[in-house]
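Take a look at the structure set out below.
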Amino acid sequence: MKKEYVHNVILVMSGGVGARFGTDCPKQYNIMDSRMVIDYVIDACRKTKAVDEIVVVANEGWVDFVQKRYNLPTVAGGSTRPESVLHGIQYVHEHYDCDKLIITNAVCPLATSDQYDKYFKYLDEYDFVLTTWKLAPALQRFDGVRVDRDEFFNVMEPDAYRFKILWDNYDFKNLKKYIFHNMPLDANAYYCFDYPYTMKLTHPHDLKLLKVMYDEIVRRPDQQSTLSVVNKYLSADGTSDIDIWIASVQETMKEMVNKYALTYYELNAQTEANIVYEAHSERLGDIVFKFTPSAFHFHKEQVFYQLSHPGLMAELLDSDEQHFMLVLRTVHPGFQIRFNNDNIELRHFFDNINKNLIPAEKLQGDTIVPDVWSEFELYVHCADRYTWEYEFRKKMETIALEIWNKYFKNAPKFYLHRDLHRRNLLRDGDRVVAIDPRGSIGPRAFEYVIQFVIELREFAPAFNEELYNEMFEYYTRYVGAQELKAALFIFFVYKMNDYVFQKNDNYFLASWCKQSIETKFPEFIGISN
């Protein structure tokens, strides 16, 4: 049965026999800095925000290895590159409702998740995208004539296609064509000249050069950018000594090498308020180290992992209270799950969340875990030093308290994850699991509101009414419509204050929250008039 919710697919070409390496091991499985070259490619694919599925086309004899290593659909390739591409797109056609397809190569470790996300975005406007090098500065004429397309520039990977156009025009009898030659003459093409790092692993000596380039182009910029974001995010609410904490985490990871018999560890760039390393342990396999900035945050997360229903969260393997560190088993394939009403795996996940909410009584005597309303008041306090829309914010805060008292003050309370959105929902085979619980005590409705803000802000400054209504209908199977709307109002006010003091975006998202409040909650705004 087709997975109708899979619209964006990355096809990883992983054939080749590695003859130039003088070994039976294909070149993409050779080691670069303690890891296989293909590992870096899969990492970039799974960290792509827009991807719904990754499919690997592997040469015969390596299909089981790849499938087991990455927990991804893996297809046997043909004897030639064109046959392998055909096998890949046939699999995509048979199994998914694919709208956008990116084709990349397992020997191109310098391609980044940012590049893949850009290509998915380009396909909103264009029919296909080619990564290109100009062959001569004077050749600036691109007139779309089929025979001229590859005379003016050299085509590299990755490339991207509107899948239906590609499939409907594919020449199944002439596989020697470059795949982009299957696109119709009037197809709207985007030629990407601004990504110069398309180097492929071809010869053994390329490994040393690729490692240097990967460090300079990907690893070091990612690390600097990530630690800078963490510093700014945590400093925004007045947390002190962030630099000291960041340095201590880096020193702690050096200690973990021996403790857990690590063969490598790598900073995960997808974080804001924590520091996360992905690693491989000879004892535990693929694991994740998560460092939280305080005992308070560490306690909330540790308790939630311990109390949550089996199978809903990533597996907690170990913890270290001294370093505020959690050790988790890596989720494979581990890419993020965007909201989609047709995704059966996501539906099962939220059904299980709803059935297995943790009663607040389980935390009897715990004086550290906060409640939803105390978090609201904390953000009021943090935002109070800013004058942006001050009168509006004060009025909304007053109304939010009235709504809280009316709907939620005496409602049953649960220990909520409170951060169930796309960055914290990961594909684990054919199921969804969560990571990074925020951990707070509150009414059931507040377990579902974060999805609205995270999904809808992608369309800011506009407000996507259609998506809002779809999500509202989706989550009212778990909570009453009036309760959900009341919780959403409180949460939008909460996030408006968050974006006032946390985001350095000239109040862009705070303004979007204000507009959303005025658009969707006129009946609540009138309560205190």
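Quick notes on this structure:
- Whole-number percent relative contact order across the chain, with pairs defined as alpha carbons under 8 Å at least 6 apart: 11
- Phi to ³J(HN,Hα) by Karplus 6.51 cos²θ - 1.76 cosθ + 1.60 over the range 336-345, Hz, x for Gly, Pro: 5, 10, 7, 4, 8, 4, 8, 7, 5, 4
- Kirkwood Rh (inverse of mean 1/r, distinct Cα pairs), the chain, angstrom: 25.2
- Peptides 105-117, 306-318, ordered by how many other C-beta atoms sit within 10 Å of their residues on average, highest first, read 105-117, 306-318.
- Spatial separation of Cα centroids for the range 76-103 and the range 223-294, in angstrom: 37
- Set Lys3/Lys200; Lys121/Lys173; Lys409/Lys495 screened for pairs whose C-alpha atoms are more than 25 Å apart: Lys3/Lys200; Lys121/Lys173
- Neighbour counts of C-beta atoms inside 10 Å place Ile358, Ile244, Ile275 in the sequence Ile244, Ile358, Ile275, starting with the fewest.
- Net length gained if the chain between Gln223 and Leu185 were fully extended (0.36 nm per residue, minus Cα distance): 9.4 nm
- Sequence-separation-based contact order of the range 339-525, relative, with Cα cut under 8 Å and 6+ spacing, percent: 26
- Dipole size of the range 228-329 about its Cα centre, with +1 on Lys/Arg Cβ and -1 on Asp/Glu Cβ: approximately 120 debye, rounded to the nearest 20.
- The range 474-529 versus the range 423-469: alpha-carbon centroid distance in Å: 14
- A cut-off under 9 angstrom between Cβ atoms defines the neighbours of Ala50, and their net charge, with Lys, Arg +1 and Asp, Glu -1, is +2.
- All other residues whose Cβ lies under 9 angstrom from that of Ala411 are scored, Lys and Arg at +1 and Asp and Glu at -1, for a net of +2.
- Nearest-20 debye value, the chain charge dipole, Cβ charges on Lys, Arg, Asp, Glu: 320
- When peptides 210-223, 426-439, 460-473, 55-68 are ranked by their average number of other Cβ atoms within 10 Å per residue, the highest-first order is 426-439, 55-68, 210-223, 460-473.
- Calculated FRET efficiency for the pair Lys395/Glu465, C-beta based, R₀ 25 Å, to 0.05: 0.55
No value in this document is a laboratory result; all are computed from the given coordinates. Nothing here was measured: the structure is a model prediction, and the numbers come from that model. Virtual Cβ from ideal backbone geometry, glycine too; neighbours counted across all protein chains shown.
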